[in-house]
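Trainee: First, the structure itself, so that you have it in front of you.
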Amino acid sequence: MQVVETIAGFRHLLDGTRHDGGRVGLVPTMGYLHDGHASLMRRSVADGDAVTAVTIFVNPLQFAANEDLASYPRDLDRDLALCEAAGVGVVLAPPVEEMYPEPILTTVSVAEVSARMEGATRPTHFAGVATVVSKLFNIAGPCRAYFGEKDFQQLAVVTKMARDLNFPVEVVGCPIVREPDGLAMSSRNVYLDEHERRAATVLWAALQRGAAVIEAGERSPAAIVDALVATVGSEPRATLDYAELVDPATLAPCAEPLASGQEVRLLVAAQVGRPRLLDNLGVTVP
């Protein structure tokens with residue numbers, strides 16, 4: 001596995017792979033990697049990408065002034081060991097001054113799909129995500145890029161951006177990886193103490209409850225969202241931010257009534273102790 005800190009070095013290695021007829025798989029991350037990230041790397045390897053390339057960069061543009069940029073967990077040695085075990089060929093781990101050598105005046109924003117949910121709570125977040133991912137797509141060149149469905153709205157934003165701007169990149173969404181008790185894996189789970197860790201499973205419980213209500217025949221989006229809200233509300237350590245039932249393609253709220261065969265997505269976000277946690281679940285209406 002080759003580890004580089006420069007954009008030029010990363011480009012050179014990936015251009016060489018394509019020159020030899022191989023396809024590149026790209027996994028953008030902010031580091032402090034876990035098995036959810038590793039599943040994206042393994043997917044790239046399984047898909048037959050000639051080289052799986054990972055980027056490890058805590059992007060300051062996607063943090064607001066009151067968020068955890070300075071304290072965001074970092075462990076590069078551990079990250080590199082996980083990458084190597086997963087079959088990664090190249091890692092780009094640039095310092096901030098390599099990615100942003102001067103004040104950045106150009107940003108990328110994706111309207112509509114970024115406006116609600118996370119976009120309402122963190123108004124500058126998705127512009128920071130879209131800007132850094134557009135840079136990474138330009139740096140990496142033609143490739144498949146793998147993103148987890150845990151950040152479902154982020155996946156929608158990146159997919160729309162890649163289509164709108166004609167990046168030579170195929171965005172691949174990959175399933176959420178969960179702990180044995182159902183909690184979605186996240187780098188910020190490290191912030192949870194023992195009591196908060198148990199409480200955090202209420203997000204998965206809420207999603208399961210919403211799916212069960214749909215399976216039982218409920219077709220009113222408002223009633224289904226009420227089931228999500230009530231479940232999260234049953235956990236005193238969790239403070240609900242939002243609960244939504246949306247069209248997975250557009251992220252627009254589902255209209256009443258739901259139709260048989262319709263694909264829908266349940267999403268929840270809640271504060272549990274220090275971290276704000278996200279989770280979601282896709283459901284096909286019976």
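The values are calculated or read from the model by the stated rules, or taken from the named source; none is laboratory data. Note that the structure is predicted; figures quoted are calculated from it, not measured. When we count neighbours, we look across all protein chains shown, and the Cβ atoms used for this are built from the backbone with ideal geometry, even at glycine.
Trainee: Looking at Val268, Val169, which one is touching a residue at least 60 places away in the same chain (Cβ under 8 Å) and in the same structural domain as Glu149 (by TED's automatic domain parsing)?
Mentor: Working: Val268 fails: in the same structural domain as Glu149 (by TED's automatic domain parsing).
Answer to the check: Val169.
Trainee: Something else: Just checking, how many residues over region 108-131 are in contact with a helix residue (DSSP H, G or I) (Cβ under 6 Å, 6 or more places away or on another chain) and either closer than 30 Å to His19 by Cβ or in a loop (DSSP other than H, G, I, E, B) (or both)?
Mentor: Step one: of region 108-131, the residues in contact with a helix residue (DSSP H, G or I) (Cβ under 6 Å, 6 or more places away or on another chain) are 108-110, 113-114, 117-119, 125-126, 128-131.
Next cut, either closer than 30 Å to His19 by Cβ or in a loop (DSSP other than H, G, I, E, B) (or both) only: 108-110, 113-114, 117, 130-131.
Of the residues in region 108-131, 8 are in contact with a helix residue (DSSP H, G or I) (Cβ under 6 Å, 6 or more places away or on another chain) and either closer than 30 Å to His19 by Cβ or in a loop (DSSP other than H, G, I, E, B) (or both).
Trainee: Hey, among Glu102, Glu97, Glu118, which residue is surrounded by 22 or more Cβ atoms within 10 Å (Cβ to Cβ) and over 18 Å from Val171 (Cα atoms)?
Mentor: Glu118
Trainee: Taking region 163-185 as the region of interest, how many residues are surrounded by fewer than 21 Cβ atoms within 10 Å (Cβ to Cβ), on the phi < 0 side of the Ramachandran plot and of a type in the set (Gly, Ala, Ser)?
Mentor: Looking only at that region, the number is 1.
Trainee: Show me the helices (runs of 4 or more DSSP H) found entirely inside region 177-240 where at least 1 residues are farther than 15 Å from Val272 by Cα and of a type in the set (Gly, Ala, Ser). Before you say what the answer is, go through the steps one by one.
Mentor: Details: elements: 194-199, 202-215, 221-233.
Hits in region 177-240: 202-215, 221-233.
Trainee: Could you give me the residue pairs with C-beta distances under 6 Å whose first residue belongs to region 62-83 and is polar (S, T, N, Q), whose second residue is surrounded by 13 or more Cβ atoms within 10 Å (Cβ to Cβ) wherever it lies, and which are 6+ apart or on separate chains?
Mentor: Within 6 Å, the pairs are Gln62/His125; Gln62/Gly128; Gln62/Val129.
Trainee: Suppose we filter region 135-162 for residues that are under 21 Å from Arg188 (Cα atoms), polar (S, T, N, Q) and either surrounded by fewer than 22 Cβ atoms within 10 Å (Cβ to Cβ) or not assigned by TED's automatic domain parsing to the domain that holds Leu105 (or both); how many remain?
Mentor: 0
Trainee: Still on this structure: Touching a residue at least 12 places away in the same chain (Cβ under 8 Å) and either assigned to a loop (DSSP other than H, G, I, E, B) or among the acidic types (Asp, Glu) (or both): does that describe Pro101? Spell out how you get there, then give the answer.
Mentor: Details: touching a residue at least 12 places away in the same chain (Cβ under 8 Å): no; either assigned to a loop (DSSP other than H, G, I, E, B) or among the acidic types (Asp, Glu) (or both): yes.
Considered against the rule, which asks whether it is touching a residue at least 12 places away in the same chain (Cβ under 8 Å) and either assigned to a loop (DSSP other than H, G, I, E, B) or among the acidic types (Asp, Glu) (or both), Pro101 comes out as no.
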